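Note sheet for the following structure.
Read-outs: derived from the displayed coordinates by stated rules, not from any lab. Predicted model only: the values in this text are computed from it and were never measured. Cβ sites come from the backbone with ideal geometry, for glycine too, and all protein chains shown count toward neighbours.
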Amino acid sequence: MKAGAILLLGYASAMMSAIFMPNYSQALGASSFEVGVIGTAYGVALLLSSYLFGRASDISGRRGFVLLGLALAAVAHAAQILAFDPLSLMLIRAFAGFAMGIFTPPLIAYTHDAGEKLGNLAAFGSLGWALGSLLAGIVAGAGEHYFAQPLMPYWLVFALCSAFFLVSLGIALTLPEVASPRIEVPLFPLDLIRRNYHIYLPNLLRHTGAFAIWIIFPLYLAQLGASKLWIGVIYFANTFSQFFIMRRLNLASPARLVVLGTALSMVVFFSYALVDSYMMVLPIQLFLALSYSLLYVGSLRYLTENNPETATSVGMLGSFISVSMALGPLLGGAISHAYGYEASMYFASGITFVALLINLSKR
């Protein structure tokens, strides 16, 4: 499954780059609020490109956009080494987010057009996150041990990210052309949003809460006593579990998966605030894996099975999640700066409860 291998390497690179981004931002002099702004820049860029290139691939085909996005992602992730202050890092992260949005929706639509199961593709993406989490901890830990330069652990991670994107680009060059329907999609598909608001809005709210946590999560784990290696292991426990869960969600009702995933997410976010040791986070990560798998696979399947504009509908989902990536870090950085890390987790649980109510009202 070539598309699965591409997504695995791409998501591994994205995770490796993101997992220590708060720490890297602080090392370059960023405050907690500026850490959130840097995360917001990535999310805004991903928002724009996910929709624009999802729509473009419905009109013009998939493969070319996959190749373009992977090539730009390789450049953008390597360029993070060149950042010298919070502003330069924000601009480079925006470039990286834009590149990710170019190839992801067309690749998902390509897989659907090829008749392959989206649950399996999503599972390979999660396996990539797992691999990236583990490698980030190992590589950063080794860089910290063997080099005196304090930024070297992060630079080594970014170099590996770029190399992974180059390998995925090589695989993408061998993708065969797959026949896909060419659909004229309005520039702003209001009808598509109206038909699927009960999928888009819960994802928007749930992920806003999630990213409000993720932007400070490595710092929270470090406060609880976790080393860089243990931070990577904790992330790995979530994403590696998703690989096994997602492959078993191809037959269940997609609408029911979305409801269950949203409800469980609410409980998981609240639980983070109750721990007093980083080891207590490990079992919670398994429930996080289940909640995200249910929500993401359910959303992808519902959109592709119920909308002819497959890439646009998936790209729009990516755009809504990207709004979350823009809002969540900003809110998480501001809330944690004012009230502490646990406050961001209570906020995430509360906003996810609202997401659950929206989905249940449609049903």
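Okay, here's what the table says:
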quantity: Separation of the Ser277 and Glu177 label points, Cα + 7 Å toward Cβ, nm; calculated: 6.0 nm
quantity: Square roots of five times the Cα gyration tensor eigenvalues for region 77-231, Å; calculated: 33, 21, 17
quantity: Additional length obtainable on full extension of the chain from Arg194 to Tyr346, 0.36 nm per residue less Cα span; calculated: 51.7 nm
quantity: Cα-based Kirkwood hydrodynamic radius, the chain, one decimal, Å; calculated: 20.0 Å
quantity: Expected 222 nm ellipticity per residue - DSSP helices of 4 or more, -39500 (n - 2.57), all of the chain, to 500; calculated: -28000 deg cm²/dmol
quantity: Gyration tensor over alpha-carbon atoms, region 27-155, equivalent ellipsoid semi-axes in Å; calculated: 30, 19, 12
quantity: Under 16 Å from Lys117, Cα to Cα: aspartates and glutamates that are on another chain or at least 8 residues apart; calculated: Glu305
quantity: Two-decimal ratio, region 201-245, of alpha-carbon radius of gyration to 2.2 N^0.38 Å; calculated: 1.34
quantity: Longest DSSP-loop-exposure-free segment, chymotrypsin sites (Phe, Trp or Tyr not before Pro), the chain, at most 16 other Cβ within 10 Å; calculated: 148-363
quantity: Dimensions (Å) - region 160-289, Cα atoms, principal axes, largest first; calculated: 53, 38, 30
quantity: Summed side-chain charge close to Ala172 - residues other than Ala172 whose Cβ falls under 11 Å, Lys, Arg +1, Asp, Glu -1; calculated: +3
quantity: Distance histogram for region 225-363 (every C-alpha pair counted, 5 angstrom bins, percent rounded to whole numbers); calculated: 2, 10, 15, 20, 23, 16, 9, 5, 2, 0
